[in-house]
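Here's the structure we're looking at; comments come further down.
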Amino acid sequence: MTHSQFQKLIGWKPHKAQQEVLKSENREIIICAGRRWGKSAICGYIIAKTFIELFLECKKEKRDSIKIWIVGPTYELADKVFEYVVKFLRKVDPQILSHIKDRPFPQIEVSRNIWIQCKSADNPQSLTGEELDLLVIDEAADISKNIYYDRLQASTTSKTRKGKTIFIGTPRGKNWFYETFLRLKAENGAFHFTSLEGVEMEQVEWNRLKEISPADFFNQNYEAVFREEAVSIFRKVREIIDSFCLAEPKPNYSYVGGLDLAQVKDFTVLTIFSREGHKQVYFDRFKKIPYTLQLERIENAVKKYKATLIIEINNIGLAIADELRARGVKIEDFQTVGTISKDLNKKGSKEQLIEKLSLDIENKNIWIAPNEVQIDELEAYTYHYTPSRNITYGPPEGMHDDCVMAIALANWGLRGKTREERLIKLKSIKSKKRRFQYL
C-alpha cells in the first residue's frame, strides 16, 4: 500500500517536513524536533501503516505474528503516540476498538502474537525477550542510555524479522540521543526540525516564546539544538565521577546520608557520603518493597556507617524520620521553607538545596560513583520557566529526580569550603601581599 493510498484511507496528510521523513527507507530513523512539530503523529501513522501491511501478510499466511512496541519514559508519554495509532486504525476498521486494552498496559491485541503494546522505560524488566517488527522510542533523550543498549537494542536485531527502530525526541544535552543522531546522520537516517517547521506553531507564537524564554531553554525545546549541557542545572557532572569511591566504613571517618522517599511511581534512594573527602561511599535505589523491609534496609545501612541521615520533612518523611529515630538512627530534618533560614543545619528552600549541589559539583567539591542512573538524572535535571516568568527546578517530564534529591540532601550536610571559596580566599591573600609590597 502506498503512502498516498493509506493517507487517503485514514484522511490524514503529513506536512512537508513529515513527508521528508516518510521517504526514508532506513531500518533506523531518528527525528530530533522541537515541541509541537508533530513527532507523535508521524510515528502513529508509521505504526498504523506498518500494522495494516503486516496484517495483510498474516491473512495470506506469509507470517504468523506482528509485534510492535511504543516505548516512552512513562506509559503516559507512550500513550501520546498510541492515541494516534488508534485514531488512524479506526478509520481502516472501526472493529479495532474491540481489541484495545488498558491493562496491564495500553495495547491493541488481536491475538496472542498480533499486537501493538505501550511500554515504559520506568519498568526495565518488561523490556526484554521480544523480537519486534517495529520499535518506536518516544522522548528518547529522556530515557537512560543503559535502558536502550541493555534492554531495547536487541529487540530489532532478529535476522528473520529485520525490525525497524524510530527514535523521536527533543534534545537533552549531548547524551546518547545526540550520539545516535550523529551515527544515523552519516547513514542518511537523521532528521532535524524546529518547532516552526511543523504545523502547530505560527510565527507570532514562535516570536512570543523566544521573547519570554531563557535563550538556552528556547534553543533546546523549540530550535531543537544539541547544547553541550542544554539547560541542565548541574554542569561538569562527569568530571566528579570517582570509579573507586564506593567503600566500606573507615575508622575515624564520619558520614552523612540523604534519603529521598518514594511517592506512588518513584524510587526510594539512599546515599551516603564521607565528610572526609566528600566522596559517595554508598548508594541504594529500590521501589515496591514492604514498608517494614524499607525501614530495615535504611536502618542497617545508616547504622553501618554511623551516619547522620538527612530527610526532607514532608507527609511521608515525617513518619519515616520518627520511626528511624525510635530505632536509634541519628536523623537531621530538612524543613523546606520559603525564605532563607539563618540556621542552615535545619531549614532551607529547595532552591538553596539544589543551588548548593550545583555549586559543589561545578567546583568539584564532591565525588560520586559511576552509576548511570544517577548520572542521567543529574545531567537531565533542569529548570522550568513558568507562565509568570518564575524559575522552578525539576526533572524533565517522565523522568525521576530521586537520586538528585538524595545526593542534594546528603550534600547539604557536607561542610567545608568549596573550591571556589578557596580560590577567592587565595586571591585575597595574594592581593594583600601585593599591597604590603608598596607600603
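The values are calculated or read from the model by the stated rules, or taken from the named source; none is laboratory data. Since the structure is predicted, the reported quantities are computational estimates derived from the model, not experimental observations. Neighbour counts are summed over all protein chains in view; Cβ atoms, including those assigned to glycine, are modelled from backbone coordinates with ideal geometry.
Numerical summary
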read-out: Residue list for the stretch 279-305, restricted to those being within 26 Å of the chain's Cα centre (by Cα) and aromatic (Phe, Trp, Tyr); value: 282, 283, 286
read-out: Number of the exception - residue 109 against (1) of a type outside the set (Phe, Trp, Tyr); (2) buried (at least 17 other Cβ atoms within 10 Å of the Cβ); (3) assigned to a strand (DSSP E or B); value: (2)
read-out: Residue within the stretch 175-186 that is surrounded by 23 or more Cβ atoms within 10 Å (Cβ to Cβ) and small (Gly, Ala, Ser) present; value: no
read-out: The stretch 321-352, subset modelled with pLDDT of 90 or more and part of a helix (DSSP H, G or I), residue surrounded by the most Cβ atoms within 10 Å (Cβ to Cβ); value: 321
read-out: Selected residue (only one of 64, 79 is touching a Pro at 6+ places or on another chain (Cβ under 7 Å), touching a residue at least 12 places away in the same chain (Cβ under 8 Å) and of a type in the set (Asp, Glu)); value: 79
read-out: Near pairs, Cβ below 9 angstrom, 6+ apart or cross-chain, from the stretch 152-168 (loosely packed, with under 14 Cβ neighbours inside 10 Å) to any residue that is in a helix (DSSP H, G or I) and not small (Gly, Ala, Ser); value: 162/156
read-out: Residue in the stretch 70-83 that is in contact with a helix residue (DSSP H, G or I) (Cβ under 7 Å, 6 or more places away or on another chain), crowded, with 24+ Cβ neighbours inside 10 Å, part of a helix (DSSP H, G or I) and at pLDDT 95 or above present; value: yes
read-out: Positions within the stretch 176-218 being in contact with a Phe, Trp or Tyr (Cβ under 9 Å, 6 or more places away or on another chain) and among the polar types (S, T, N, Q), in sequence order; value: 180, 194, 195, 213
read-out: Selection within the stretch 237-257 - small (Gly, Ala, Ser) and either surrounded by fewer than 10 Cβ atoms within 10 Å (Cβ to Cβ) or within 13 Å of residue 366 (Cα to Cα) (or both); value: 243
read-out: The stretch 82-115, residues that are touching a residue at least 12 places away in the same chain (Cβ under 8 Å) and among the basic types (Lys, Arg); value: 87, 91
read-out: Per-region count, the stretch 276-296, residues in contact with a strand residue (DSSP E or B) (Cβ under 7 Å, 6 or more places away or on another chain), of a type in the set (Lys, Arg) and either under 18 Å from residue 405 (Cβ atoms) or modelled with pLDDT under 95 (or both); value: 2
read-out: Residue that is in a loop (DSSP other than H, G, I, E, B), closer than 29 Å to residue 363 by Cβ and either touching a residue at least 24 places away in the same chain (Cβ under 8 Å) or not polar (S, T, N, Q) (or both), where the choices are 177, 217, 234; value: 234
read-out: In the stretch 22-39, the residues that are in a helix (DSSP H, G or I) and surrounded by fewer than 23 Cβ atoms within 10 Å (Cβ to Cβ); value: 22
read-out: Residue check for residue 65: surrounded by fewer than 20 Cβ atoms within 10 Å (Cβ to Cβ) and among the polar types (S, T, N, Q); value: yes
read-out: Check on residue 210, outside any loop (DSSP other than H, G, I, E, B) and farther than 30 Å from residue 290 by Cα; value: yes
